[in-house]
Each structure stands twice: as C-alpha cells, then as structure tokens.
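S.K.: Could you have a look at this structure, given as structure tokens, before my questions?
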C-alpha cells in the first residue's frame, strides 16, 4: 500500500491526478433520484469494448478474401480453441448492442433529455446509433455466407432508388456491379478500420458533451419542474446528489453485469439464435436462398420498402423519419420534460413504437 | 472483553479481499480461453513423414519443402544418395539458398556456407544444419 501511495504521490506532483480523480469520481455528484435507465450508456461502453476486443481477436484468424473468408470463419468456429466463443460473443454482442441502443434512445426521448442544452449530446448519440447500424451491416458481409451475401445484395440495392445517380451509387458501394470480392474488401476496411476510428471520435465527443453539460434530473416525482435553461453556459450541478464513485458506479456495474450475464447466457445456451441455416452455407452468387430476410433490427426498413409503391418513396419515408428524429431537439423546444405533461409527444412516442414493432413483425411474417 | 464484533475497516478489508478473489477467479476464467485461442496450433510435435516424389530431386539439385511447419530442403548429393536438412540457418534463422554450381548452401543474410551434408564450411553459423532421416519407398522420398 505504501508503494502505491508513493507512486500516486509521484504522479500527483506532476499531473495533479488526485484532483482529477476527486472532481470526476467522489466529487462528481449525480441527481439523487437517478434511475436505472441512466446506466445504459455505461452498458453500451462495456459492450462496445467487448466488440472491439473480440473483433481484434477474430482478425487473428479471419481472411478477408472471397475464396477464403467462409472457410476461415468455419475454422474459427470448429477448429480454433474457443474460437466459437469469441465469434459468438461478437455476433450476439452486436445484436444486444442494437437492443440496448434502442432502449437508451427511447429512454432519452421519454425523459426529454435531448432538450436544450443537450442538443449536441443527442446529435452525437444519434450519429453513434446510425454508425452502429452501419457497423452491423458491414460486419454482416464478412463471414461470406449465403445469408451475408444476399442480405448485403438487398441492402446495397436499395441505394439504386436514388434518382439519376442510383445505379452508379450501387456500383460504388459494392466496388463492382454486383456483390463480389471488391465488396468484401471495402466492407472489411470500413468495418475494421474506418468506422471504428470514426466511432471512437464520436464516442469521445458524446462523453465530453455528457460530462460538460452535467447529468439531467429525472423528470419524475412531485419535485420535478421544467428546467429553466439560461442563455449562458451552465454546468448542471446537484449539490445534494450522490457521488459518481462509489455510490453510482456500483449501481452501474450491477446493470453492466446483468447485461453481460445475458450475453454470456445466449452465447452458451442459444448460440444459434442469430445463426439461421443460410448463415452456415458459403456464398453462392448464382443461387438466392428462399425467403431471405434482414436482421431483426432492419425488418422495419425492409417492410417499409415493400409497402410503398416505389423504392424511392420507401427510402424517402425512412430518410424523413430519421431526419425528423435527428432534428427533434430543434423542433421540440419547450422546457417541459415531464412525460405526462407532454400529451402530444407521449402519444406520438407510443404510436412510433407501435409502428416500429408493427412493421418489424409484418416484415418478419411477410 | 472481546465482543467478536468487526469494525468498519475490518469489514471493508474483508469485502475488498472477497472482491479481489472473485475478480482474480473471473480473470483466470477469461484468460484461459484467450490463451488457448491465441496459442499456435498444429505443425509442432507431429511425427508424420513427408513424402516427396523422387523425380522432384534430380542429381545435384535441391528441393525446398515444408517440414512440419518449418522450411527444409532435400538434395541428391550423389546418384541415389539423398540428404534432408533444415533450411534454417543456425546463425540468425534466415533461409539458406542452394548454389548449384558450387554445390553448397549459402545464407544470404551473413554469408554463412554449408556443405550438402549440412556441415559449416565458412561464416558465422555456430552449428551445422539439422538433418532428417530420408528413405526411398515406392518411387517416393519419405522424410522424418
């Protein structure tokens, strides 16, 4: 313990570490009634860290070439010791991340935490949500199975609906007129280098926004009032709050462990949950499997494209909905954050969730 | 009189020790699959013979091949007399080249020279090239 103290003293003299730790851990106070939904950011950080680590490990054996990719994934699953564990954790982890991202987004919406002065936190978070979906899409092709090949064919084909440049855009995305070795090369580079770098930068900015603006008070209970936001910058302080460490960290850690337990449980007891039979066949560019469907989190988009008479209208509807969501803090500018004092928002919120669920179920059954 | 009650510092120490123990256990559980995943597989320890067609090794020529994950070379030094050697220079691990006209091996890294039998002729290599057993069977050379 004395050595640790000496080492700490050494750093403290040079960098003032104790002051940094104090102001960001014990001295950083959070609202007293902070609830479980506030932990989802920490859960996502833990899950993304796991994705980065398992992704790096998969790179040790994965071969990004059209004639070798499927065999290399088969080898990871069947021949490399614990390869199945690393790959299944990566695959199940990506699905759980999307589910937690959705919960995080919905909770922020419900509690009105996107409102002024947190517009930039919302925008960066929404960017991270979309980037995560793109990471899922680019990673989906890499095993080079029938499922990944044809799901990517359908997904990239949607870009063809853009007027005038559609066909060129599809060819550019794929690196060739149809999905092939060129697509694998560029999706691999995007999935393992370009998007993760962009992602790290955006996460850094998101966390900076969270820390700088301060944690918002949950808009529940008799004492909850609309937040009065001034015209100058003000960090939201909570003088009667609870310390971030250890009080809140312990709660966060419990939620993180709960989600990780779920991830491990699916990985061990239901590893085939996200592995339909088409994912076990190597890609065949001349045979489209019957009833090819995207992953569950893209089913709503898949069904939207099907119900509109033209692909362009379907794409425009999706783009419109996403733009509306991204710009929400600039459209919904009232200071009221209590959900039950915002009946119009609450109605649209409920209908939006029902629409998303309905389209997804319809897409799954159609 | 000792009441057997523990003070807050003892309780804290106990909890920290328990936490450290559980953490160490979980860490070990996570590290073992990681080690097994990254540990080299196959290649080492196998005793299977490697078969090379006789026609691949004409008189005075060398044939390089993979011997259980390591580069090796076969030479027909005299009519019907074959030698199998490791192709890894004993100096710093570069792969030796066969110089047909001079009938010796040359290491391109630091100029070490080896006889067709593997013995050191010149240069810094401290030991001869490792040799393997070769037998001729049914038109094939079996190494190992």
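S.K.: Which value, to two decimals, describes the C-alpha radius of gyration of region A:225-366 once divided by 2.2 N^0.38 Å?
M.R.: Taking the Cα Rg and dividing by 2.2 N^0.38 Å, one obtains 1.53.
S.K.: So if I take the centroid of the Cα atoms in region B:74-120 and the same for region A:127-154, what is the distance between those two points in Å?
M.R.: 51 Å
S.K.: In bins 10 Å wide, starting from 0, what share of all Cα pairs of region A:145-232 does each bin hold, as a percent?
M.R.: P(r) for region A:145-232, in whole percents per bin: 14, 26, 20, 14, 19, 7, 0.
S.K.: Which shape class, rounded, prolate or oblate, goes with region A:1-109 when its Cα gyration tensor gives a ≥ b ≥ c as root eigenvalues, a/c under 1.5 marks rounded, and past that a/b bigger than b/c marks prolate?
M.R.: oblate
S.K.: Would you kindly calculate the mean projected area, averaged across all directions, of the convex hull enclosing the Cα atoms of region A:312-366, in square nanometres?
M.R.: 4.8 nm²
S.K.: Ok, one more. Using packing as a proxy for protection, rank A:143-151, A:120-128, A:340-348 so that the peptide with the highest average count of other Cβ atoms within 10 Å comes first.
M.R.: Highest mean packing first, the order is A:143-151, A:120-128, A:340-348.
S.K.: Mind checking the angle between helix A:195-213 and chain A's longest principal axis? C-alpha axes, 0 to 90 degrees, to the nearest 10.
M.R.: So the inclination is approximately 20 degrees.
S.K.: If one takes the longest principal axis of the Cα atoms in chain A, at what angle in degrees, from 0 to 90 and to the nearest 10, does the Cα axis of helix A:146-157 lie?
M.R.: Approximately 80 degrees, to the nearest 10.
S.K.: Another question about this same structure. I'd like the antiparallel share, as a percent to the nearest 5, of DSSP beta bridges with both residues in the protein assembly as shown.
M.R.: 95 percent
S.K.: Here is a follow-up. Using the C-alpha gyration tensor of region A:73-158, what are the square roots of 5 times its eigenvalues, in whole angstrom, with the largest one first? The partial results should precede the final answer.
M.R.: Values: eigenvalues 213, 57, 16 Å².
Calculated on Cα positions only, the semi-axes equal 33, 17, 9 Å.
S.K.: Cα gyration tensor of chain B, axes a ≥ b ≥ c as square roots of the eigenvalues: rounded (a/c below 1.5), prolate (a/b > b/c) or oblate?
M.R.: Values: a/c = 5.59, a/b = 3.05, b/c = 1.83.
It comes out prolate by the Cα gyration axes.
S.K.: Rank these for me by crowding, A:257, A:91, going from fewest to most other beta carbons within 10 Å. Mind dumping the intermediate values first?
M.R.: Working: A:257 12, A:91 21.
Listing A:257, A:91 from fewest to most nearby Cβ atoms yields A:257, A:91.
S.K.: Could you tell me how far the Cα centroid of region A:186-206 sits from the Cα centroid of region A:244-296, in Å?
M.R.: Rounded to whole Å, the Cα centres lie 20 Å apart.
S.K.: For chain A, what does the helix formula give at 222 nm: sum of -39500 (n - 2.57) over DSSP H segments with n ≥ 4, over the residue count, nearest 500 deg cm²/dmol? Intermediate results must be reported in sequence, preceding the final value.
M.R.: Details: 15 runs with 225 residues, N = 366.
Helices in chain A give a 222 nm mean residue ellipticity of -20000 deg cm²/dmol.
S.K.: Let me ask something else. Would you list A:5, B:97 from fewest to most Cβ contacts within 10 Å?
M.R.: A:5, B:97
S.K.: Could you list, bin by bin from short to long, the percent of Cα-Cα pairs of chain A in 20 Å steps?
M.R.: Percent of Cα pairs in each bin: 24, 53, 22, 1.
S.K.: What value, in deg cm²/dmol to 500, does the helix sum -39500 (n - 2.57) over DSSP H runs of n ≥ 4 give at 222 nm once divided by the residues of chain B?
M.R.: Roughly -8000 deg cm²/dmol at 222 nm, from the helical runs in chain B.
S.K.: Largest first, please: the extent of the C-alpha atoms of region A:255-333 along each principal axis, to the nearest Å.
M.R.: Extents along the principal axes: 46, 46, 17 Å.
S.K.: Just want the ordering: A:336, B:10, from fewest to most Cβ atoms lying within 10 Å of their own Cβ.
M.R.: B:10, A:336
S.K.: Once the Cα atoms of helix B:8-38 and of chain B are each reduced to a long axis, what angle between those two axes, in degrees from 0 to 90 to the nearest 10, is obtained?
M.R.: 20 degrees
Every read-out reported here was derived from the displayed coordinates using simple, explicitly stated rules and does not represent laboratory data. Being a predicted model, the structure only gives us computed values, none of them experimental. Virtual Cβ from ideal backbone geometry, glycine too; neighbours counted across all protein chains shown.
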